[in-house]
Amino acid sequence: MSIAVSTSTDKIIVDKSRSHRNKAVSKTVRATRERLQTGSSAPSGFEREMLNLYIGSALHGAIAMPLLVTLITAVGIYLSGNLSIVVWAIMTLSAHAVTVFLARKARKEDMAADKVPVWRRRFLIGQLLMGLCWATFVTQDCATCGEIRYGFFEGAGLLMALAATAMGTFLLRNALLYTFLPVVAALAFSSLTTGDPVHVGLTGVISLSLLFLVFMTDRMNRANVHILSMQSEKDDLIAELEVAKSMSDEARRRAEEANLAKSRFLASMSHELRTPLNAILGFSEVMSTEVLGPLNNPTYKEYTSDIHRSGEHLLNLINEILDLSRIEAGRYDLNEESVSLVDIADDCIGMVQLRARAKSISIHAQFEQGMPAVWVDEKAMRQVILNLLSNAVKFTSSSGEITVKVGWTAGGGQYLSIKDNGPGIPEEEIPIVLSAFGQGSIAIKSAEQGTGLGLPIVQAILAKHNGEFILRSKLREGTEAIAILPARRVLESLPAVEDVPAPARRRKSFA
């Protein structure tokens, strides 16, 4: 089966003159959709972002570790009176300075994606240096302080350092392990060699604290990765929405151009086609009625009648296309006035009565009495009723029946129903016949084919009147078309106002 492809420029949404831009747009959309479908929640997908966050955190909190080291050094000197701890403080501050220097250098270089593993190793090495310094702190001793007193000091200092390191390095995976595994190893070695119960207890406390904080920092790291993933998906969605908006704007621009071209074409063809059609209709009517003299050949007279009927059919088609175009363009203005729906329906029945009698079709009118007037466009409502009646007469077989009803709706509005006992419309074809130029299978097989614009025009005119159009049909049983006008279109009759005599004019007194 072959599929026809339209090459009309009105159907081309994307401007082909910008092929390079369209190619980039398509590539962006595909990449975005793949990223949204596969997800980027894996930690490796955000190594660069996490490392940049760690660098920022290290630079903003660079003063915290020197303050902690200074505090521990001051307390150590106070307890032991030994200045050897100052050497440890200098070593620790130097190691911290190396980390800060690396962070500043990485920030200035604006690292590329391929350099992320290199910088990560450098920062981990910096944390390992800090860990060796804290392991050196464990080896400090104080003969005059007492084991328990100095052990408590070491434990407090290590726990504060462990907490500070955990808060400052959770964005750098495994940084806490690199920093405090040397400390745990030093404590374990001291416990095994000396058997000091204080160091044994301290080893257990630091080890358990390290495990707990490693677990917590891992959870915090994953939470940050998830936040970055959600932010990335949001950015991707925004990018895709911007792409869709640009394509929509391009489509709207081309649709507006196409609509303008259509309007110009219809305005031009309205004049260019109607002018010769009026001449064709006038001259053919003069020839068929033999106003200027008889036609010697009867075939010529038959030809002129065919020309006149064909011209009328073409003129009706042009009028219907123009009406539908004006409605779609929002330029179909209603000339509303107070009219009776019953009177309009009765007049339209008389207009199609001749065609109905030619096919021996009987039309029954069932109008409710005392129906008030409605506020509508009389010409438009006549067009609605004539279209529905013409369809009913066209598709009803000979000796058929058509019932026209006008009455009240449950909501206080008025309705017009035209029901026939013709062949009906298959249920799946109803949306087709309600679309522009749509025709059902019965209409295609029928000898009296139409343009497929009658029902769409009816539907559009009723929509302009805030009404509703319902089409009900059952195969081989008939069709019922219902036009409904809302209650606000119905004019309520008010009682006549009685004449009240004017009050007598009072004379002014100047006394």
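The values are calculated or read from the model by the stated rules, or taken from the named source; none is laboratory data. Worth saying up front: this structure is predicted, and the values here are computed from it rather than measured. Neighbour counts are summed over all protein chains in view; Cβ atoms, including those assigned to glycine, are modelled from backbone coordinates with ideal geometry. Heads up: the accessible areas ignore ligands, DNA and RNA and are worked out on the full protein's heavy atoms, side chains in. Shrake-Rupley method; radii C 1.70, N 1.55, O 1.52, S 1.80 Å.
Among S248, S190, what's the order by accessible area (1.4 angstrom probe), most exposed first?
Numbers: S248 65, S190 20 Å².
Sorted by accessible area, descending: S248, S190.
Heavy atoms only, 1.4 Å probe, whole protein assembly: order S94, S473, S399 by accessible area, highest first. Walk me through the numbers before you get to the answer.
Numbers: S94 65, S473 30, S399 90 Å².
Reading off the accessible areas and sorting them downward yields S399, S94, S473.
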What FRET efficiency, computed as 1/(1 + (r/R0)^6) with R0 = 25 Å and r the Cβ-Cβ distance, is obtained for L491 and R357, rounded to the nearest 0.05? 0.10
Solvent accessible area, Å² - F212, 1.4 Å probe, full protein context: 120
Need the full-extension length gain, L211 to V86, defined as separation in residues times 0.36 nm minus the C-alpha distance. One decimal, nm. 42.0 nm
Sort H364, H226 from largest to smallest accessible area, using a 1.4 Å probe on the heavy atoms of the protein chains. H226, H364
How high is the FRET efficiency between A244 and T194 when r is their beta carbon distance and R₀ equals 60 Å, given to the nearest 0.05? 0.25
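Quick one: net charge of M111's neighbours, Cβ under 12 Å, K/R +1, D/E -1?
Computed value for this residue: +2.
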